[in-house]
1. Mind ordering 325-332, 471-478 by average Cβ neighbours within 10 Å, highest first?
2. In what sequence do TYR183, TYR333, TYR403, TYR15 fall when counting other Cβ within 10 Å, fewest first?
3. Counting other C-beta atoms within 10 Å, which of GLU340, GLU123 has the fewest, and how do the rest follow?
4. Could you work out the helix-only [θ] at 222 nm for the chain, with each DSSP H run of four or more residues adding -39,500 (n - 2.57) and the total divided by the number of residues, to the nearest 500 deg cm²/dmol?
5. Test of understanding: express the Cα radius of gyration of the chain as a ratio to 2.2 N^0.38 Å, with N the residue count.
6. If one takes the longest principal axis of the Cα atoms in the chain, at what angle in degrees, from 0 to 90 and to the nearest 10, does the Cα axis of helix 208-228 lie?
7. Kindly identify segment 5-66 as rounded, prolate or oblate by the Cα gyration tensor criterion: order the square roots of the eigenvalues as a ≥ b ≥ c, call it rounded if a/c is under 1.5, otherwise compare a/b with b/c, prolate if a/b is larger, else oblate.
8. Classify segment 191-292 as rounded, prolate or oblate from the Cα gyration tensor: take a ≥ b ≥ c as the square roots of its eigenvalues, call it rounded if a/c is under 1.5, otherwise prolate when a/b beats b/c and oblate if not.
Amino acid sequence: MADNLIQKKGESTWYVRLAVPIDVRKAMGGKTVLIQSLKTGLRSEAMNRRLSILSDWKAAFAAARKKRALPEEWQTSVISQLQQFDQLATDQKRKLIGETVPDLPAADPKMLAKIMADPDLVEIITTLVKTKRANGLTGDLQHEDFLANMFKRMVPLQLMRRHQLTAQQRTELETLTKDPSSYKSKSPINKARLAIFREHRQGRAIAAKTIDQQESKLEKLSDFLKAGERSLDFDAVSAWLDSLKLTSKTLTQYLLAGSVFWRWAMKHDVRWREDFKDRANPFENHDLPQVRGKAKTDAQRKDFNLEDIAKLHAAASIGGHATLADLILLGTYTGARIEELCQLKAEHVIEPDGIKSFDIVDSKTAAGIRSVPIHPALATLVDRLVEQSKDGYLVPSDNMNKYGIRSDALSKAFGRLKEAQGFGSQHVFHSIRKTVVTQLHRADVRSELIAELIGHETGTVTFDVYSQGATTAQKLVAISKLPSLRP
């Protein structure tokens, strides 16, 4: 049946027949085969008539393949579009009576071309414009309502063109279009809102890592609300926090993520503002467990003593982790953060006032942007790193993570190293930074100069605002007081 023609038993009429591919059977009503009469008993006529029908069927298969399943929380997207058209109409009517409103977005040329190519739409618009002109301000106001309703009718049509809807979904879409308030989301913190929230924050240059971390926390809250069929209120947030079994410091970060989202939604999301207009921020005024005394001390990160650092350096060297061994020395004689060290390039080895120094230009804080004289114990190491650099960086790293952090793999490698040497969770690479501060303090270096060397603010207007800082020579004297490691 290469020509797709068949005759039924006892009939002279020809039929065209085509098997429905498995991947589009659902879209074709569950049919496995399509058959249609060609209304002719002549094979030559049937051969010609079958072509247009086969073409239509194959086009339907292609269209079905292009249609995607409805995304999760598609209802929220529909509601958002409907509300946008209502808001545009309201804004334009306010403009007609003399109020100042935002300008309309620029028209989509492709959409205009489609409208002008449709004679029925052109006729409707022409009639509308004539009515508008004849009825003055009343006609103008009616014109805006008509346009809003026309575009709102297009929302469900667009959805059905792009996606494959079940009968139940079509019924829900019809109900939703007539009455958007009929839909109650399982969680108001849904994917559609989070996507808009993400776009908003990206536009304000919030760090990608911060956006991802806070979005992850909000998704966890959303899952909690769905699982328990809870409303978003103070009690639900409190119960969620209790279920996490985390430290107060970490829970504070969860509450911060929630508050940032809440404030954004109350300002920028019309539906959210309406649904929660009489509600207080549920992420505020929570009493988190307070850690005091010995428990607080035990929970804090600890510094290494010099013997500990020497032990770790030796273990890295013996274990063949040359880059990690170099990084430990760089941290020990600068007090710099691990990512600050991994971002150093050969060009960042500078000589202000003739003193070789590190120019730290990439730091998590403004105070972290600083120059630190190179300790005499690092002189040979730095010369070697500059000479051996293949990509400009002093510390080689082939595993930059998705946020551009070069220290990620090295930080994990240090974690494995220190655990192998018997150190627990309270000791991390940052503990070396604490060691440096302790050693400088015990060497009678002024606190303001210590803060300047490690990239902290002093907390005083005198030094943070007015002072231009210590000279390079003064900083070299101070950094040189860090004792050399003994094997």
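Computed from the coordinates by the stated procedures, all read-outs in this text should not be read as laboratory data. It should be emphasised that the depicted structure is a prediction, and the values quoted were computed from it without experimental measurement. Cβ coordinates were reconstructed from backbone atoms using ideal geometry, including for glycine residues, and neighbour counts include every protein chain displayed.
1. Descending packing order for the listed peptides: 325-332, 471-478.
2. Placing the least packed residue first, the sequence is TYR403, TYR183, TYR15, TYR333.
3. If I rank by nearby Cβ atoms, fewest first, I get GLU123, GLU340.
4. Rounded to the nearest 500, it is -17500 deg cm²/dmol.
5. So the Cα radius of gyration is 1.49 times the expected 2.2 N^0.38 Å.
6. The helix 208-228 is inclined about 60 degrees to the chain.
7. Oblate.
8. Verdict is oblate for segment 191-292.
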